[in-house]
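One structure is given here, and the rest of the page talks about it.
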Amino acid sequence: MAKKQAQIKVTLVKSTIAILPQHKKVVEALGLKKIRSSNVFDVNPAIMGMIEKVSYLLKVENV
């Protein structure tokens, strides 16, 4: 049986109106469109790098 990979839930908590264009693209790539929208991801270096870049806009929880 395969080992279950850790997952995190990412929620957008701040508006993307007055942020850098690169940060808007990162938020969009995470699949977050409106405030309080959420998405669940497997933990990997690419996703963690994206989250770190826009961490001031997000809330991250373990699932």
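No value in this document is a laboratory result; all are computed from the given coordinates. Being a predicted model, the structure only gives us computed values, none of them experimental. Cβ placement follows ideal geometry from the backbone for every residue including glycine, while neighbour counts extend to all protein chains displayed.
Going down the table (K4/K25; K33/K53; K4/K34; K3/K24; K3/K25; K33/K59), which pairs top 26 Å between alpha carbons?
As for pairs spanning more than 26 Å Cα to Cα, those are K4/K25; K4/K34; K3/K24; K3/K25.
Kindly provide the helix-only [θ] at 222 nm of the chain, computed as the sum of -39,500 (n - 2.57) over DSSP H runs of four or more divided by all residues, to the nearest 500 deg cm²/dmol?
After summing the helix terms and dividing by the residues of the chain, the value is -8000 deg cm²/dmol.
Kirkwood Rh over Cα pairs of the stretch 20-63 into Stokes-Einstein at 20 °C, 1.002 mPa s: D in µm²/s?
197
In percent, how large is the relative contact order of the stretch 8-52, given Cα pairs closer than 8 Å and 6 or more residues apart?
After rounding, I find 51 percent.
What does the charge add up to near K59, with Lys and Arg as +1, Asp and Glu as -1, over the other residues with Cβ less than 10 Å from its Cβ?
+2
In debye to the nearest 20, how big a dipole does the chain give about its Cα centre with +1 on each Lys and Arg Cβ and -1 on each Asp and Glu Cβ?
The dipole magnitude comes to about 180 debye.
Computed FRET efficiency, Cβ-Cβ of E61 and I19, R0 22 Å: what is it to the nearest 0.05?
0.50
Work out, step by step, the length gained on full extension between E52 and Q7: first 0.36 nm times the residue separation, then minus their alpha carbon distance; give nm to one decimal.
14.6 nm is the gain from fully extending E52 to Q7.
Of V27, T16, A6, whose Cα points farthest to the positive end of the dipole of the chain (charges on the beta-carbon: +1 Lys, Arg; -1 Asp, Glu; origin at the Cα centre)?
Checked the options; the winner is T16.
Which ³J(HN,Hα) values in Hz, rounded to whole numbers, follow from the phi angles of the stretch 24-40 under the Karplus curve 6.51 cos²θ - 1.76 cosθ + 1.60, where θ = phi - 60° and Gly and Pro get x?
Karplus values, whole Hz, x for Gly and Pro: 4, 5, 5, 4, 5, 5, 6, x, 9, 10, 10, 4, 6, 7, 10, 8, 10.
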